[in-house]
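Q: This is the structure, below, for whatever I ask next.
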Amino acid sequence: MRRIVLGAVLLGLLCAGCGRPQATLKSRKPRLFQCRRAPGKIVIDGQLEPAWERAQVLDDFRVPGFELRPLDLAMARMLWDDENLYVAVTMEDRDVYAVKTQHDGQLWLDDVAEVFLKPDEAKHIYYEFEVNAAGATLDMLIARRGAGHFDRWWPWESSIKAKVSIQGTLNEWRDSDKGWIAEIAIPLAAFKDAAPKVQLGDRWRFAICRYNYSVYLPGREPSSTAPLTRADFHRHEEYDFVEFAE
C-alpha cells in the first residue's frame with residue numbers, strides 16, 4: 001500500500017541476490033483489459049466458483065521497476081454486475097504471513113493483495129483497497145496523491161467485503177505452504193465521487209498489486225500487474241486500463 005520503501009537500488013540488490021536478470025522496465029503504452037459481467041451470483045467466501053471462469057486472467061505480475069517476474073507468482077481476475085465490482089487474486093506463497101486483524105490497519109506490513117482504481121483521468125481521485133492473508137481489509141478514497149498523509153483518507157468507507165482461503169498454515173514459517181486466495185466485492189456506489197454511474201464501456205485506470213513476506217525470499221517482494229517504472233504502487237499514470245464489458 002505504501003510507496004515501496006525498497007527503492008530501485010535495494011530492489012536491484014534483491015534481484016542480484018536472486019541471481020536473476022535485472023533489466024529495467026521501460027515506459028510503455030497502457031494495455032486494455034476487460035472486466036466482464038458475472039454470469040451468475042458471486043459468493044464472497046474465498047472459494048472461486050465457476051462464474052470466475054468467465055473472467056480474463058491477469059497473470060503477468062512484475063517487480064516494480066524491472067522486467068522481472070516475482071519468485072512467487074500470482075494471477076488476478078475481475079468481474080462486475082449492477083451492484084459490485086469483484087476482484088479475485090490467487091497467489092503462490094510458501095510462507096503465508098499476516099498478523100494484522102483490524103480494519104484499516106497497516107496491512108501492507110503483511111502478505112497483502114491491493115487493488116488500485118482511478119475511474120476518471122480528468123479527476124485526481126483514486127481508490128485503494130487491501131485484503132491481507134488474515135482477511136482484514138483496508139479501503140481509501142485518495143482525493144489527490146500527495147495531498148496529505150494516508151491516515152487522512154482512512155475514515156472513508158466503501159462497504160467492501162472480502163474473504164480469504166489459505167492453502168497452508170497461517171504464520172507457521174516452519175512448513176511450506178502453497179498459497180492463498182483473496183476474493184473481494186466492492187459496491188459500485190462507493191465510486192460515486194469519481195464515477196457517479198458505472199456503465200458498459202467505461203474505462204478506468206487500474207493496478208492489482210501484492211506484497212509478499214517470506215522466509216523463502218531474500219526480502220519483501222512487491223509485484224504489480226501495472227508496468228510501474230518506479231517502486232511506487234501509487235503511480236496511477238502508469239496503470240493499465242480496464243473496460244466494463246459484457
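The values are calculated or read from the model by the stated rules, or taken from the named source; none is laboratory data. Fair warning: this is a prediction, and the values are worked out from it, not measured in the lab. Backbone-built Cβ (ideal geometry, glycine too); neighbour counts: all protein chains shown.
Q: Quick one: is Glu157 in a loop (DSSP other than H, G, I, E, B), among the charged types (D, E, K, R) and either under 19 Å from the mean Cα position of the chain (by Cα) or crowded, with 22+ Cβ neighbours inside 10 Å (or both)? Full working, then the answer.
A: Working: in a loop (DSSP other than H, G, I, E, B): yes; among the charged types (D, E, K, R): yes; either under 19 Å from the mean Cα position of the chain (by Cα) or crowded, with 22+ Cβ neighbours inside 10 Å (or both): yes.
Spelling it out, Glu157 is indeed in a loop (DSSP other than H, G, I, E, B), among the charged types (D, E, K, R) and either under 19 Å from the mean Cα position of the chain (by Cα) or crowded, with 22+ Cβ neighbours inside 10 Å (or both).
Q: Working only within the range 74-107, note down all residues that are polar (S, T, N, Q) and either touching an Asp or Glu at 6+ places or on another chain (Cβ under 8 Å) or closer than 12 Å to Val57 by Cβ (or both).
A: Scanning the range 74-107 gives a single hit, Thr90.
Q: Here's something else I'd like to know. Anything in the range 172-188 that is among the aromatic types (Phe, Trp, Tyr) and more than 22 Å from Phe116 (Cβ to Cβ)? List them, or say none. Spell out how you get there, then give the answer.
A: So in the range 172-188, the residues among the aromatic types (Phe, Trp, Tyr) come out as 173, 180.
Across the range 172-188, the qualifying residue is only Trp173.
Q: If you don't mind, there's one more thing I want to ask. Hand me the list of strands (runs of 3 or more DSSP E) wholly inside the range 172-229 holding 1 or more residues that are more than 17 Å from the chain's Cα centre (by Cα), more than 25 Å from Glu49 (Cβ to Cβ) and at pLDDT 95 or above. Even if it seems obvious, please write down each step before you answer.
A: Details: elements: 179-187, 203-212, 221-224.
Result: 203-212.
Q: Hey, another quick one. I'd like the full set of residues that are surrounded by fewer than 19 Cβ atoms within 10 Å (Cβ to Cβ) and in contact with a Leu (Cβ under 9 Å, 6 or more places away or on another chain), limited to the range 52-69. Lay out the reasoning, then the answer.
A: Keep residues of the range 52-69 that are surrounded by fewer than 19 Cβ atoms within 10 Å (Cβ to Cβ), which gives 53-54, 56-57, 59-60, 62, 67, 69.
Hits for the range 52-69 are Arg54, Asp59, Arg62, Glu67.
Q: Another question about this same structure. For the range 93-144, what are the residues that are small (Gly, Ala, Ser) and buried (at least 24 other Cβ atoms within 10 Å of the Cβ)? Reasoning before the result, please.
A: Here is the first cut: in the range 93-144, the residues small (Gly, Ala, Ser) are 98, 105, 113, 122, 133-136, 143.
Hits for the range 93-144 are Ala113, Ala133.
Q: Determine which member of the set Cys35, Cys15 is touching a Leu at 6+ places or on another chain (Cβ under 7 Å) and either assigned to a helix (DSSP H, G or I) or at pLDDT below 90 (or both). Before the answer, list the steps.
A: Numbers: Cys35 fails: either assigned to a helix (DSSP H, G or I) or at pLDDT below 90 (or both).
Checking each option against the conditions leaves just Cys15.
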